[in-house]
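I have placed the structure first, in the form of structure tokens, so that the comments after it can refer back to it.
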Amino acid sequence: MYQHDSLIIEIQKRPFLRPLIFWIAGILLQVCFPLQQISFILLFVALSILFFSFFVSGRPHASFLYSNRWVWGLVFSCLVVFLAIQTTALAEKRFSRPQETGLLLSKAQEVRSRMVAKLDNLQLPDEDKSVLATLTVNYRKAMSRDLRNRFSVTGVAHLLSVSGFHVGIVCAFIRLLLSVFRRSGVVMRWVRYLVTLSCVWVFTFVSALDVAAVRAAVMLTIYITGGVLVRQSDRYNTLAGAAFCMLAYNPFYLFDIGFQLSYTAVFFLLYLQPRLSSLIEIRNPIIANPWNVLTVTIAAQIGTCFLCFYYFGQSSMVFLFTNLSLSLLSTLLIPAALIWMIVPATMPGIDILRWAIEAMTRCLMWVVDHYAAIPGATLSLRFDFPTLILSYLCMAFFFMYFHSRRYWILIASLATLLVIICWQMISIPTFRPIY
């Protein structure tokens, strides 16, 4: 009973979580069992309850509303599921027609192409330039499959997709530049807010509005807006709010590989990384920062490994050795390369910037190539859909056991693990996603 009440309290603290759950339920219902016409029953139920409350019972007073709050929860749930079903049905009709590139996306791709063209002035091999273009503005056309596989083997494939890591670097760099203006006050706080937000969305725009970049930009917008309004933001609520906004815009983001990997990784970063970091108390900042990077890497890898087995059939075994060095290197390389793409070639000190970019890019490629050549650098394992679901269920049971120390949860997790092993031994994975 206590755990049930605690779970309800945790959900109530995060107002975006409930509509997100019902919205995802509506998307899945429409995709699995097309219910566009039948869904009007949900609208009829909601309107009937509202009609009864306001017209049959008279003007409802506060005690009536509070004592029947579960009824209003039912009305809210029906409305959200109905809207999710209708939105998904409209998206299905829209995607069934030939797709044309929108004006905004076309302009973004044009700007990105002009920025990528400036990389030709660097004295680097074409392969290194393709990595730099992908790393900074998400331009993947020049990247070969073999090169993408090398990054995947070394466990740093996330660097090749503009995501929260890249958006966070841009935001931190802008904040660093604005820190020279030490004047405090409401006006300066709003100036920093508007400049930071503008730069983040411009960067998201030139990355061709990639799903992971938009997710990170929406999350960051919610977070820093709460900060400028002097409101304490909940990280899980921010994550749920960003997911809800994106799925409301396009319900089929739910089935996008990047969307699933991105949100799964961020959720495990929020939940697991603080617990891993607290295992060893480190007060020396020189050691604490690398330790935090390692715990972030471990948390993200634990969260996404099952999805990697399902979609790609492999997961890196050397990610601990590559992520620390390449993440720190990318933290310097990304803003330096973006500056190179923006500033004119006649700017003073441009030769020093070019030398630094070329040196860091060669160093990054050297690390990737050497670790990708290590035998056994990747673990190959194929998951089918039931195994994927059972694996995350088993992980959830383990987390619940460490939280509550109830042995029946441990038994349930071990039983789920046994089912996974038996299923993998007797089944042939025939259902494979198309990617």
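Which residue out of Ile85, Ile169, Ile174 is in a helix (DSSP H, G or I), aliphatic (A, V, I, L, M) and under 30 Å from Leu42 (Cα atoms)? Of Ile85, Ile169, Ile174, the one residue that is in a helix (DSSP H, G or I), aliphatic (A, V, I, L, M) and under 30 Å from Leu42 (Cα atoms) is Ile85. Taking the numbered list (1) part of a helix (DSSP H, G or I); (2) among the hydrophobic types (A, V, I, L, M, F, W, C); (3) modelled with pLDDT under 85 in turn, Ala300 passes all entries but (3). With respect to Thr221, is the statement that it is in contact with a Phe, Trp or Tyr (Cβ under 6 Å, 6 or more places away or on another chain) and at pLDDT 80 or above true? Answer is no for this residue. When region 303-348 is filtered for residues that are outside any helix (DSSP H, G or I) and either over 23 Å from Ala133 (Cβ atoms) or of a type in the set (Ser, Thr, Tyr) (or both), the ones remaining, listed by number, are Gly313, Gln314, Ser315, Ser316, Met317, Val318, Thr346, Pro348.
Among the residues making up region 234-264, those that are outside any helix (DSSP H, G or I) and either among the aliphatic types (A, V, I, L, M) or over 16 Å from Phe16 (Cβ atoms) (or both) are Asn250, Asp256.
When Ala172, Ala213, Ala142, Ala217 are screened for being in contact with a Lys or Arg (Cβ under 8 Å, 6 or more places away or on another chain) and either of a type in the set (A, V, I, L, M) or not assigned by TED's automatic domain parsing to the domain that holds Met246 (or both), only Ala142 passes.
Being farther than 23 Å from Arg235 by Cα and crowded, with 17+ Cβ neighbours inside 10 Å is a condition met by no residue of region 269-290.
Name every residue in region 192-209 that is closer than 23 Å to Thr134 by Cα, over 17 Å from the mean Cα position of the chain (by Cα) and without any contact (Cβ under 8 Å) to a residue 60 or more places away in the chain, in order of residue number. Within region 192-209, Thr196, Leu197, Ser198, Cys199, Val202 qualify. So, Cys32, is that one surrounded by 14 or more Cβ atoms within 10 Å (Cβ to Cβ) and modelled with pLDDT of 85 or more or not? When the stated conditions are applied, Cys32 does not pass them. Scanning region 105-121 for any residue that is surrounded by 13 or more Cβ atoms within 10 Å (Cβ to Cβ), assigned by TED's automatic domain parsing to the domain that holds Ala337, farther than 23 Å from Met341 by Cβ and modelled with pLDDT of 85 or more turns up nothing.
The values are calculated or read from the model by the stated rules, or taken from the named source; none is laboratory data. Model, not experiment: these values are computed from the prediction. Here Cβ is always computed from backbone atoms with ideal geometry, including for glycine, and neighbour counts include all displayed protein chains.
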